[in-house]
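Here's the structure, in structure tokens; my notes come after.
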Amino acid sequence: MRRIRSIALTIFLAIAEHRSFRKAAVELGVTPSALSHSLRAIEERLDVRLVNRTTRGVGLTEAGERLFDRIRPAFLDIDDALEDLDKFRGQPYGKLRINAPRPAARMVLLPIVSRFLRTYPAIEVEIVVDDALVDTVASGFDAGIRFGERIAADMIAVPIGPRQRTAIVGSPEHFQRFPKPLTPHDLKDHPCIRYRFASGTYYRWEFERGGIELEIEVQGPLTLGDLDIMLDAAINGSGLAFVFEDHALLALRDGRLIRVLEDWCPYYPGFFLYYPSRRQLPTALRAFVDFVKADAARQG
């Protein structure tokens, strides 16, 4: 068998990790068509099929799985060896891709990233906002932001930003038509603005007081998938909304919104930065993780 260059194996690895020509092409900076041609040339050179291409997606053949399992650790070792050279540079550099839901990106991630970039100007950060549950590794992200209970067990999680608290809010006009609810069960008498996840499921409003936990499936004529628009809808009198407290503070202070059921909305741990467990992190990610930890220590 003729020798094959390491760049060809890099192409195969990208396709195998993403199970997608489109995502692998984005990572490598080429077109999906060019990537497909390159893979075909690799398979012809090796005289074995590595990837199954179907209308449903991309999968590895048995030979492809075996090759992937054998060479991936070696390439990770090479990456680690290159990362070791960073201690000889003056400051961390590189690129960092982070996936985050919209509320986390706006309230927590962006303020920290802004300070981080002032400290490490040689690092580039890309924030991709997506409210769906994303497989960060398969999608080519270095890290992601989620609530703790939604993080896979094989990931490392670091608290990022302050504790969070939710708020049930409605406009003054709304409460001219409806009495203020005294318990979460009273929400059945109110039109509520429902939130639908990208998966299609509705969010059940969560409450807790004195050790009692409740989940209420509210009803209402308006369903949205964006918290900013939900807040605007509540201000416009479309019903009660379940939002983050920090998100609604300005409207609460100037009287555009009124808060109810505050005693049923305790503080809880906020968002977490999570990333794959590896012996050695990429330089940019390590710098960001350390920055987040130091920020948390200052908040204390």
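Observations on the structure shown:
- Scan region 22-81 for residues that are among the aliphatic types (A, V, I, L, M), under 17 Å from residue 140 (Cα atoms) and not in a helix (DSSP H, G or I) and the total you get is 2.
- Of everything in region 243-258 that is in contact with a helix residue (DSSP H, G or I) (Cβ under 9 Å, 6 or more places away or on another chain) and surrounded by fewer than 16 Cβ atoms within 10 Å (Cβ to Cβ), the residue that is nearest to residue 78 (Cα to Cα) is 252.
- Test: residue in region 277-295 that is surrounded by fewer than 18 Cβ atoms within 10 Å (Cβ to Cβ) and either part of a strand (DSSP E or B) or in contact with a Pro (Cβ under 6 Å, 6 or more places away or on another chain) (or both): no
- Residue in region 191-199 that is surrounded by 15 or more Cβ atoms within 10 Å (Cβ to Cβ), aliphatic (A, V, I, L, M) and under 21 Å from residue 107 (Cβ atoms) present: yes
- Only residues that are in a loop (DSSP other than H, G, I, E, B) and within 24 Å of residue 101 (Cα to Cα) were counted across region 258-274, and they come to 5.
- Test: residue 120 is among the aromatic types (Phe, Trp, Tyr) and at pLDDT 85 or above: yes
- Restricting attention to region 90-103, the residues that are closer than 18 Å to residue 162 by Cβ and at pLDDT 90 or above total 1.
- Being of a type in the set (Phe, Trp, Tyr) and surrounded by fewer than 21 Cβ atoms within 10 Å (Cβ to Cβ) is not true of residue 207.
- Looking only at residues in region 138-166 that are of a type in the set (A, V, I, L, M) and not in a loop (DSSP other than H, G, I, E, B), the one that is modelled with the lowest pLDDT is 155.
- Counted as qualifying within region 167-248 are the strands (runs of 3 or more DSSP E) with 1 or more residues that are free of Cβ contacts under 8 Å to residues at least 40 places away in the same chain, namely 193-195, 205-209, 212-216, 222-224.
The values are calculated or read from the model by the stated rules, or taken from the named source; none is laboratory data. Everything quoted here is computed from the prediction, not taken from an experiment. Methodologically, a virtual Cβ is constructed for each residue, glycine included, from the backbone with ideal geometry; neighbour enumeration extends over all protein chains shown.
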